[in-house]
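Since the structure comes first, as C-alpha coordinates, the remarks are kept for the end.
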(Lines give C-alpha, C1' and ligand atoms only; values in the text may rest on other atoms or scores of the structure.)
Protein backbone atom coordinates (compact mmCIF):
# COMPACT_ATOMS: atom_id res chain seq x y z
CA UNK A 1 0.00 0.00 0.00
CA UNK A 2 1.48 3.36 -1.06
CA UNK A 3 1.46 6.34 1.31
CA UNK A 4 1.06 9.94 0.13
CA UNK A 5 1.00 13.34 1.78
CA UNK A 6 -2.08 15.42 1.04
CA UNK A 7 -1.71 19.09 0.28
CA UNK A 8 -5.35 19.98 0.75
CA UNK A 9 -8.10 18.08 2.55
CA UNK A 10 -11.80 19.02 2.62
CA UNK A 11 -15.05 17.09 2.94
CA UNK A 12 -13.62 13.57 2.47
CA UNK A 13 -11.62 14.69 -0.54
CA UNK A 14 -7.86 15.20 -0.70
CA UNK A 15 -5.53 16.70 -3.28
CA UNK A 16 -1.92 15.53 -3.45
CA UNK A 17 0.89 17.99 -4.11
CA UNK A 18 2.36 18.17 -7.62
CA UNK A 19 5.45 16.16 -6.68
CA UNK A 20 3.43 13.49 -4.85
CA UNK A 21 1.00 13.37 -7.80
CA UNK A 22 3.89 13.07 -10.25
CA UNK A 23 5.28 10.16 -8.23
CA UNK A 24 1.88 8.43 -8.13
CA UNK A 25 1.02 8.97 -11.80
CA UNK A 26 4.35 8.87 -13.63
CA UNK A 27 6.59 6.68 -11.45
CA UNK A 28 4.17 4.24 -9.85
CA UNK A 29 1.59 4.59 -12.69
CA UNK A 30 -1.34 4.25 -10.31
CA UNK A 31 -4.83 4.31 -11.87
CA UNK A 32 -8.17 5.64 -10.68
CA UNK A 33 -9.68 3.32 -8.13
CA UNK A 34 -6.33 2.29 -6.62
CA UNK A 35 -6.49 2.14 -2.83
CA UNK A 36 -3.80 4.28 -1.14
CA UNK A 37 -3.13 5.86 2.23
CA UNK A 38 -3.22 9.63 2.56
CA UNK A 39 -1.72 11.51 5.52
CA UNK A 40 -1.80 15.18 6.44
CA UNK A 41 1.59 15.10 8.19
CA UNK A 42 -0.05 16.41 11.36
CA UNK A 43 -0.95 13.03 12.83
CA UNK A 44 -3.98 12.12 10.72
CA UNK A 45 -4.26 9.50 8.02
CA UNK A 46 -6.93 7.80 5.93
CA UNK A 47 -7.46 4.83 3.71
CA UNK A 48 -8.29 6.51 0.41
CA UNK A 49 -8.91 5.83 -3.23
CA UNK A 50 -7.64 7.62 -6.30
CA UNK A 51 -10.48 9.46 -8.04
CA UNK A 52 -8.75 11.25 -10.87
CA UNK A 53 -6.43 14.10 -11.74
CA UNK A 54 -6.49 17.49 -13.39
CA UNK A 55 -3.28 16.62 -15.19
CA UNK A 56 -1.01 17.94 -12.47
CA UNK A 57 -2.68 17.12 -9.19
CA UNK A 58 -4.20 13.88 -8.13
CA UNK A 59 -7.54 13.84 -6.31
CA UNK A 60 -8.65 11.07 -3.99
CA UNK A 61 -11.62 10.31 -1.80
CA UNK A 62 -11.05 9.47 1.86
CA UNK A 63 -12.60 6.11 2.77
CA UNK A 64 -11.87 5.58 6.47
CA UNK A 65 -9.53 7.13 9.04
CA UNK A 66 -6.42 5.32 10.33
CA UNK A 67 -6.07 4.78 14.08
CA UNK A 68 -4.91 8.01 15.75
CA UNK A 69 -1.20 8.25 16.50
CA UNK A 70 0.07 10.34 19.39
CA UNK A 71 2.46 12.95 17.94
CA UNK A 72 6.00 12.63 19.33
CA UNK A 73 6.93 15.11 22.08
CA UNK A 74 10.72 15.36 21.88
CA UNK A 75 12.32 18.01 19.66
CA UNK A 76 15.99 17.90 18.69
CA UNK A 77 18.39 20.69 17.71
CA UNK A 78 21.53 19.42 15.98
CA UNK A 79 24.62 21.09 14.51
CA UNK A 80 24.87 19.49 11.06
CA UNK A 81 27.88 17.29 10.38
CA UNK A 82 30.65 17.94 7.89
CA UNK A 83 29.51 14.95 5.82
CA UNK A 84 25.92 15.68 4.86
CA UNK A 85 24.84 12.03 4.63
CA UNK A 86 25.42 11.68 8.38
CA UNK A 87 22.96 14.53 9.03
CA UNK A 88 20.43 13.05 6.61
CA UNK A 89 20.83 9.67 8.26
CA UNK A 90 20.11 11.31 11.63
CA UNK A 91 16.97 12.99 10.24
CA UNK A 92 15.71 9.69 8.82
CA UNK A 93 16.33 7.70 12.02
CA UNK A 94 14.96 10.39 14.35
CA UNK A 95 11.76 10.47 12.28
CA UNK A 96 11.40 6.68 12.41
CA UNK A 97 11.90 6.57 16.18
CA UNK A 98 9.75 9.68 16.71
CA UNK A 99 10.54 13.37 16.87
CA UNK A 100 8.37 16.50 16.95
CA UNK A 101 10.51 19.31 15.54
CA UNK A 102 14.04 19.31 14.14
CA UNK A 103 16.16 22.44 14.44
CA UNK A 104 19.54 22.74 12.73
CA UNK A 105 22.02 25.34 13.94
CA UNK A 106 25.60 26.51 13.63
CA UNK A 107 27.85 26.81 16.63
CA UNK A 108 31.45 27.86 17.30
CA UNK A 109 33.06 24.58 16.24
CA UNK A 110 30.67 23.84 13.33
CA UNK A 111 32.48 22.84 10.16
CA UNK A 112 29.26 22.99 8.13
CA UNK A 113 27.68 26.43 7.85
CA UNK A 114 25.08 25.63 5.17
CA UNK A 115 22.25 23.14 4.95
CA UNK A 116 19.58 22.50 2.33
CA UNK A 117 16.46 22.32 4.49
CA UNK A 118 14.38 21.18 1.47
CA UNK A 119 16.53 18.04 1.23
CA UNK A 120 16.05 17.29 4.93
CA UNK A 121 12.29 17.83 4.48
CA UNK A 122 12.30 15.21 1.74
CA UNK A 123 14.19 12.79 3.96
CA UNK A 124 11.80 13.16 6.92
CA UNK A 125 8.72 12.92 4.67
CA UNK A 126 9.99 9.70 3.09
CA UNK A 127 10.95 8.30 6.52
CA UNK A 128 7.52 9.11 8.00
CA UNK A 129 5.71 7.37 5.14
CA UNK A 130 8.09 4.43 5.18
CA UNK A 131 7.63 3.90 8.91
CA UNK A 132 3.86 4.42 8.62
CA UNK A 133 3.74 7.56 10.69
CA UNK A 134 1.02 10.10 10.01
CA UNK A 135 3.08 12.84 11.63
CA UNK A 136 5.96 14.50 9.77
CA UNK A 137 8.52 16.44 11.85
CA UNK A 138 8.76 20.15 11.14
CA UNK A 139 12.28 21.12 10.05
CA UNK A 140 13.80 24.51 10.95
CA UNK A 141 17.14 26.01 10.10
CA UNK A 142 19.82 26.99 9.82
CA UNK A 143 19.63 29.15 12.91
CA UNK A 144 22.33 30.27 15.34
CA UNK A 145 23.14 28.65 18.68
CA UNK A 146 21.91 31.86 20.34
CA UNK A 147 18.56 31.46 18.60
CA UNK A 148 18.31 27.84 19.79
CA UNK A 149 18.73 29.07 23.36
CA UNK A 150 15.78 31.45 22.86
CA UNK A 151 13.36 28.65 21.87
CA UNK A 152 10.45 28.11 24.23
CA UNK A 153 11.18 24.47 25.06
CA UNK A 154 12.53 22.84 28.20
CA UNK A 155 16.08 22.71 26.93
CA UNK A 156 18.78 20.11 27.56
CA UNK A 157 22.27 20.39 26.11
CA UNK A 158 24.19 17.16 25.50
CA UNK A 159 27.84 17.60 26.37
CA UNK A 160 30.83 15.26 26.52
CA UNK A 161 32.51 17.39 29.20
CA UNK A 162 36.14 16.30 28.80
CA UNK A 163 37.24 17.71 32.16
CA UNK A 164 33.92 18.39 33.88
CA UNK A 165 31.06 15.91 34.37
CA UNK A 166 27.69 16.94 32.89
CA UNK A 167 25.12 17.70 35.59
CA UNK A 168 22.88 14.73 34.88
CA UNK A 169 22.46 11.67 32.66
CA UNK A 170 19.89 12.29 29.93
CA UNK A 171 17.82 9.31 31.12
CA UNK A 172 17.17 11.06 34.43
CA UNK A 173 16.60 14.47 32.84
CA UNK A 174 13.98 13.00 30.47
CA UNK A 175 11.72 11.78 33.31
CA UNK A 176 8.48 13.81 33.44
CA UNK A 177 9.84 16.67 31.33
CA UNK A 178 7.34 18.71 29.28
CA UNK A 179 8.01 20.02 25.76
CA UNK A 180 11.69 18.89 25.78
CA UNK A 181 14.35 19.98 23.32
CA UNK A 182 17.75 18.30 23.35
CA UNK A 183 20.63 20.22 21.78
CA UNK A 184 23.43 18.20 20.12
CA UNK A 185 26.73 19.90 19.25
CA UNK A 186 29.00 19.66 16.22
CA UNK A 187 31.96 17.30 15.70
CA UNK A 188 34.19 19.55 17.81
CA UNK A 189 31.59 19.67 20.63
CA UNK A 190 30.38 22.89 22.28
CA UNK A 191 32.92 25.39 23.57
CA UNK A 192 33.03 25.96 27.33
CA UNK A 193 31.77 29.49 26.62
CA UNK A 194 28.72 28.06 24.83
CA UNK A 195 28.07 25.68 27.72
CA UNK A 196 28.24 28.67 30.09
CA UNK A 197 25.79 30.64 27.90
CA UNK A 198 23.41 27.67 27.86
CA UNK A 199 23.47 27.35 31.66
CA UNK A 200 22.62 31.05 31.96
CA UNK A 201 19.55 30.45 29.78
CA UNK A 202 18.30 27.71 32.12
CA UNK A 203 19.47 24.98 29.84
CA UNK A 204 20.25 21.72 31.65
CA UNK A 205 23.61 20.14 30.81
CA UNK A 206 23.27 16.37 30.31
CA UNK A 207 25.52 13.45 29.44
CA UNK A 208 24.68 10.54 27.15
CA UNK A 209 26.78 7.99 29.03
CA UNK A 210 30.41 6.97 28.93
CA UNK A 211 30.63 6.33 25.20
CA UNK A 212 31.88 9.10 22.93
CA UNK A 213 29.17 9.28 20.30
CA UNK A 214 29.39 11.01 16.95
CA UNK A 215 27.01 13.95 16.47
CA UNK A 216 24.48 12.00 14.41
CA UNK A 217 24.65 8.99 16.75
CA UNK A 218 24.06 11.25 19.74
CA UNK A 219 20.90 12.57 18.06
CA UNK A 220 19.53 9.10 17.37
CA UNK A 221 20.52 7.89 20.85
CA UNK A 222 18.62 10.83 22.39
CA UNK A 223 15.52 10.04 20.32
CA UNK A 224 15.66 6.39 21.44
CA UNK A 225 16.27 7.40 25.06
CA UNK A 226 13.22 9.67 25.14
CA UNK A 227 11.07 7.04 23.48
CA UNK A 228 12.06 4.50 26.15
CA UNK A 229 12.10 6.77 29.20
CA UNK A 230 8.81 8.53 28.47
CA UNK A 231 7.13 5.11 28.23
CA UNK A 232 8.64 3.57 31.38
CA UNK B 1 45.94 11.56 19.23
CA UNK B 2 45.82 8.61 16.81
CA UNK B 3 44.49 5.22 17.91
CA UNK B 4 45.86 1.92 16.59
CA UNK B 5 45.07 -1.75 17.13
CA UNK B 6 48.01 -3.87 18.24
CA UNK B 7 48.53 -7.27 16.71
CA UNK B 8 50.99 -8.52 19.29
CA UNK B 9 51.67 -7.23 22.81
CA UNK B 10 54.43 -8.45 25.14
CA UNK B 11 56.49 -6.89 27.93
CA UNK B 12 55.46 -3.24 27.36
CA UNK B 13 56.08 -3.58 23.64
CA UNK B 14 53.44 -3.75 20.90
CA UNK B 15 53.56 -4.51 17.20
CA UNK B 16 50.90 -3.04 14.91
CA UNK B 17 49.46 -5.09 12.05
CA UNK B 18 50.72 -4.45 8.52
CA UNK B 19 47.65 -2.43 7.55
CA UNK B 20 47.72 -0.34 10.73
CA UNK B 21 51.48 0.18 10.27
CA UNK B 22 50.95 1.21 6.65
CA UNK B 23 48.34 3.74 7.76
CA UNK B 24 50.65 5.15 10.46
CA UNK B 25 53.78 5.30 8.29
CA UNK B 26 52.53 6.03 4.77
CA UNK B 27 49.24 7.89 5.28
CA UNK B 28 49.77 9.77 8.54
CA UNK B 29 53.60 9.80 8.16
CA UNK B 30 54.17 9.41 11.88
CA UNK B 31 57.80 9.38 13.07
CA UNK B 32 59.58 7.58 15.91
CA UNK B 33 58.80 9.23 19.22
CA UNK B 34 55.23 10.17 18.25
CA UNK B 35 52.79 9.55 21.11
CA UNK B 36 49.86 7.32 20.08
CA UNK B 37 47.22 5.15 21.73
CA UNK B 38 47.39 1.39 21.27
CA UNK B 39 44.44 -0.92 22.00
CA UNK B 40 44.17 -4.70 21.98
CA UNK B 41 40.49 -4.71 20.98
CA UNK B 42 39.70 -6.76 24.08
CA UNK B 43 39.11 -3.82 26.41
CA UNK B 44 42.69 -2.75 27.13
CA UNK B 45 44.49 0.34 25.90
CA UNK B 46 47.74 2.20 26.53
CA UNK B 47 49.38 5.51 25.89
CA UNK B 48 52.32 4.47 23.75
CA UNK B 49 55.16 5.84 21.69
CA UNK B 50 56.41 4.82 18.28
CA UNK B 51 59.82 3.15 18.56
CA UNK B 52 60.56 2.12 15.00
CA UNK B 53 59.65 -0.30 12.26
CA UNK B 54 61.07 -3.29 10.43
CA UNK B 55 59.84 -1.82 7.16
CA UNK B 56 56.43 -3.50 7.33
CA UNK B 57 55.42 -3.50 10.96
CA UNK B 58 55.59 -0.66 13.40
CA UNK B 59 56.83 -1.25 16.94
CA UNK B 60 55.90 0.90 19.91
CA UNK B 61 56.56 0.96 23.61
CA UNK B 62 53.64 1.08 26.03
CA UNK B 63 53.91 4.05 28.39
CA UNK B 64 50.86 3.89 30.67
CA UNK B 65 47.53 2.04 30.64
CA UNK B 66 44.22 3.77 29.84
CA UNK B 67 41.41 3.56 32.42
CA UNK B 68 39.71 0.17 32.16
CA UNK B 69 36.46 0.08 30.17
CA UNK B 70 33.78 -2.46 30.98
CA UNK B 71 33.17 -4.51 27.82
CA UNK B 72 29.58 -4.21 26.51
CA UNK B 73 27.25 -7.10 27.37
CA UNK B 74 24.61 -7.01 24.63
CA UNK B 75 25.11 -9.03 21.43
CA UNK B 76 23.03 -8.42 18.32
CA UNK B 77 22.13 -10.75 15.45
CA UNK B 78 20.85 -8.93 12.37
CA UNK B 79 19.69 -10.00 8.92
CA UNK B 80 21.69 -7.72 6.59
CA UNK B 81 19.74 -5.20 4.55
CA UNK B 82 19.40 -5.12 0.77
CA UNK B 83 21.40 -1.87 0.65
CA UNK B 84 24.76 -2.68 2.22
CA UNK B 85 25.42 0.86 3.49
CA UNK B 86 22.47 0.48 5.89
CA UNK B 87 24.07 -2.62 7.42
CA UNK B 88 27.43 -0.85 7.68
CA UNK B 89 25.72 2.12 9.36
CA UNK B 90 24.19 -0.25 11.86
CA UNK B 91 27.57 -1.85 12.59
CA UNK B 92 29.19 1.56 13.10
CA UNK B 93 26.46 2.91 15.37
CA UNK B 94 26.11 -0.29 17.42
CA UNK B 95 29.87 -0.21 18.04
CA UNK B 96 29.75 3.43 19.16
CA UNK B 97 26.84 2.82 21.54
CA UNK B 98 28.32 -0.49 22.72
CA UNK B 99 27.92 -4.08 21.56
CA UNK B 100 29.73 -7.31 22.44
CA UNK B 101 29.30 -9.60 19.44
CA UNK B 102 27.62 -9.03 16.07
CA UNK B 103 26.09 -11.99 14.23
CA UNK B 104 24.77 -11.66 10.70
CA UNK B 105 22.33 -14.24 9.38
CA UNK B 106 19.98 -15.03 6.53
CA UNK B 107 16.33 -15.77 7.11
CA UNK B 108 13.31 -16.63 4.97
CA UNK B 109 12.57 -13.08 3.81
CA UNK B 110 16.21 -11.97 3.46
CA UNK B 111 16.92 -10.20 0.19
CA UNK B 112 20.66 -10.19 0.85
CA UNK B 113 22.29 -13.63 1.01
CA UNK B 114 25.94 -12.49 0.98
CA UNK B 115 27.98 -10.27 3.22
CA UNK B 116 31.67 -9.33 3.27
CA UNK B 117 32.52 -9.83 6.93
CA UNK B 118 35.98 -8.28 6.39
CA UNK B 119 34.30 -4.98 5.42
CA UNK B 120 32.13 -5.04 8.54
CA UNK B 121 35.25 -5.78 10.62
CA UNK B 122 36.89 -2.67 9.18
CA UNK B 123 33.80 -0.60 10.01
CA UNK B 124 33.63 -1.75 13.64
CA UNK B 125 37.39 -1.31 14.13
CA UNK B 126 37.26 2.27 12.81
CA UNK B 127 34.15 3.01 14.91
CA UNK B 128 35.75 1.64 18.09
CA UNK B 129 38.87 3.77 17.61
CA UNK B 130 36.86 6.85 16.65
CA UNK B 131 34.64 6.56 19.72
CA UNK B 132 37.67 5.83 21.94
CA UNK B 133 36.64 2.32 22.86
CA UNK B 134 39.31 -0.24 23.68
CA UNK B 135 36.90 -3.09 22.91
CA UNK B 136 36.16 -4.10 19.31
CA UNK B 137 33.02 -6.21 18.70
CA UNK B 138 33.60 -9.67 17.28
CA UNK B 139 31.80 -10.12 13.95
CA UNK B 140 30.33 -13.49 12.89
CA UNK B 141 28.55 -14.52 9.74
CA UNK B 142 26.83 -15.19 7.55
CA UNK B 143 25.07 -17.96 9.46
CA UNK B 144 21.54 -19.32 9.16
CA UNK B 145 18.59 -18.33 11.34
CA UNK B 146 18.63 -21.90 12.71
CA UNK B 147 22.25 -21.43 13.79
CA UNK B 148 21.36 -18.16 15.54
CA UNK B 149 18.75 -20.05 17.56
CA UNK B 150 21.46 -22.51 18.69
CA UNK B 151 23.70 -19.76 20.17
CA UNK B 152 24.22 -19.95 23.93
CA UNK B 153 22.85 -16.51 24.76
CA UNK B 154 19.62 -15.44 26.44
CA UNK B 155 17.82 -14.78 23.18
CA UNK B 156 15.21 -12.15 22.36
CA UNK B 157 13.62 -11.85 18.94
CA UNK B 158 12.35 -8.42 17.87
CA UNK B 159 9.12 -8.74 15.96
CA UNK B 160 6.64 -6.25 14.55
CA UNK B 161 3.75 -8.74 14.92
CA UNK B 162 1.26 -7.31 12.42
CA UNK B 163 -1.70 -9.27 13.80
CA UNK B 164 -0.34 -10.54 17.09
CA UNK B 165 1.26 -8.46 19.87
CA UNK B 166 4.81 -9.43 20.86
CA UNK B 167 4.98 -10.92 24.36
CA UNK B 168 6.87 -8.04 25.96
CA UNK B 169 8.43 -4.64 25.28
CA UNK B 170 12.19 -4.91 24.90
CA UNK B 171 12.71 -2.41 27.74
CA UNK B 172 11.11 -4.84 30.19
CA UNK B 173 12.87 -7.87 28.74
CA UNK B 174 16.28 -6.18 29.08
CA UNK B 175 15.96 -5.73 32.87
CA UNK B 176 18.43 -8.00 34.70
CA UNK B 177 19.05 -10.26 31.71
CA UNK B 178 22.43 -12.04 31.51
CA UNK B 179 24.38 -12.56 28.27
CA UNK B 180 21.56 -11.16 26.07
CA UNK B 181 21.32 -11.51 22.30
CA UNK B 182 18.64 -9.62 20.40
CA UNK B 183 17.73 -10.94 16.96
CA UNK B 184 16.60 -8.41 14.32
CA UNK B 185 14.88 -9.63 11.14
CA UNK B 186 15.19 -8.61 7.50
CA UNK B 187 13.18 -5.95 5.64
CA UNK B 188 10.28 -8.39 5.20
CA UNK B 189 10.34 -9.31 8.94
CA UNK B 190 10.37 -12.87 10.26
CA UNK B 191 7.83 -15.37 8.97
CA UNK B 192 5.29 -16.67 11.48
CA UNK B 193 6.96 -20.08 11.08
CA UNK B 194 10.31 -18.57 12.15
CA UNK B 195 8.67 -16.88 15.14
CA UNK B 196 7.19 -20.25 16.10
CA UNK B 197 10.61 -21.93 15.78
CA UNK B 198 12.17 -19.21 17.94
CA UNK B 199 9.57 -19.67 20.68
CA UNK B 200 10.28 -23.41 20.73
CA UNK B 201 13.97 -22.63 21.33
CA UNK B 202 13.10 -20.52 24.41
CA UNK B 203 13.56 -17.30 22.55
CA UNK B 204 11.52 -14.43 24.00
CA UNK B 205 9.47 -12.45 21.46
CA UNK B 206 9.76 -8.70 22.09
CA UNK B 207 8.45 -5.48 20.55
CA UNK B 208 10.39 -2.26 20.08
CA UNK B 209 7.37 0.02 20.53
CA UNK B 210 4.66 1.33 18.24
CA UNK B 211 6.95 2.70 15.55
CA UNK B 212 7.76 0.56 12.54
CA UNK B 213 11.53 0.70 12.42
CA UNK B 214 13.75 -0.30 9.52
CA UNK B 215 16.06 -3.25 10.16
CA UNK B 216 19.16 -1.13 10.79
CA UNK B 217 17.21 1.35 12.96
CA UNK B 218 15.85 -1.52 15.04
CA UNK B 219 19.41 -2.71 15.66
CA UNK B 220 20.62 0.72 16.77
CA UNK B 221 17.47 1.27 18.87
CA UNK B 222 18.07 -2.06 20.64
CA UNK B 223 21.69 -1.12 21.39
CA UNK B 224 20.55 2.23 22.83
CA UNK B 225 17.76 0.56 24.82
CA UNK B 226 20.14 -1.92 26.44
CA UNK B 227 22.64 0.82 27.23
CA UNK B 228 19.91 2.82 28.99
CA UNK B 229 18.02 0.01 30.69
CA UNK B 230 21.08 -1.82 32.01
CA UNK B 231 22.21 1.44 33.65
CA UNK B 232 18.86 2.44 35.19
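Listed values, structure above:
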{"quantity": "Residues of segment B:68-102 that turn out to be surrounded by 21 or more Cβ atoms within 10 Å (Cβ to Cβ) and touching a strand residue (DSSP E or B) at 6+ places or on another chain (Cβ under 9 Å), as a count", "calculated": "16"}
{"quantity": "Options A:112, A:116; residue that is surrounded by fewer than 20 Cβ atoms within 10 Å (Cβ to Cβ) and within 15 Å of the chain's Cα centre (by Cα)", "calculated": "A:116"}
{"quantity": "Unmet criterion (only one of (1) within 14 Å of another protein chain (Cβ to nearest Cβ); (2) surrounded by fewer than 17 Cβ atoms within 10 Å (Cβ to Cβ); (3) under 30 Å from residue B:36 (Cα atoms)) for residue B:138", "calculated": "(1)"}
{"quantity": "Qualifying residues in segment A:211-227 (those that are at pLDDT 95 or above and more than 19 Å from residue A:87 (Cβ to Cβ)) - the one nearest to the other protein chains (Cβ to nearest Cβ)", "calculated": "A:225"}
{"quantity": "Positions within segment A:185-210 being surrounded by fewer than 19 Cβ atoms within 10 Å (Cβ to Cβ) and either in contact (Cβ under 8 Å) with a residue 60 or more places away in the chain or within 11 Å of another protein chain (Cβ to nearest Cβ) (or both), in sequence order", "calculated": "A:187, A:188, A:191, A:193, A:209, A:210"}
{"quantity": "Odd one out for residue B:180 among (1) surrounded by fewer than 23 Cβ atoms within 10 Å (Cβ to Cβ); (2) over 30 Å from residue A:160 (Cβ atoms); (3) away from chain A (no Cβ under 14 Å)", "calculated": "(2)"}
{"quantity": "Residue A:43, sole failed condition from (1) within 14 Å of chain B (Cβ to nearest Cβ); (2) at positive phi; (3) touching a helix residue (DSSP H, G or I) at 6+ places or on another chain (Cβ under 9 Å)", "calculated": "(3)"}
{"quantity": "Index of the failed condition, residue A:31 passing every other in (1) away from every other protein chain (no Cβ under 14 Å); (2) under 30 Å from residue A:229 (Cβ atoms); (3) free of Cβ contacts under 8 Å to residues at least 40 places away in the same chain", "calculated": "(2)"}
{"quantity": "Residue identified as at pLDDT below 95, touching a strand residue (DSSP E or B) at 6+ places or on another chain (Cβ under 8 Å) and under 29 Å from residue B:122 (Cβ atoms) among B:208, B:156", "calculated": "B:208"}
{"quantity": "Selection count where residues are assigned to a helix (DSSP H, G or I) and out of contact with any strand residue (DSSP E or B) (no Cβ under 6 Å at 6 or more places or on another chain), scope segment B:107-121", "calculated": "2"}
{"quantity": "Among the candidates A:76, A:50, residue that is touching a residue at least 60 places away in the same chain (Cβ under 8 Å) and part of a strand (DSSP E or B)", "calculated": "A:76"}
{"quantity": "Looking only at segment B:156-177, and only at residues there that are crowded, with 21+ Cβ neighbours inside 10 Å and away from chain A (no Cβ under 14 Å), the one that is farthest from the chain's Cα centre (by Cα)", "calculated": "B:159"}
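The values are calculated or read from the model by the stated rules, or taken from the named source; none is laboratory data. Owing to the predicted nature of the structure, the values given are computational and were not obtained by experimental measurement. Note: ideal-geometry Cβ built from the backbone for every residue, glycine included; neighbour counts use all protein chains shown.
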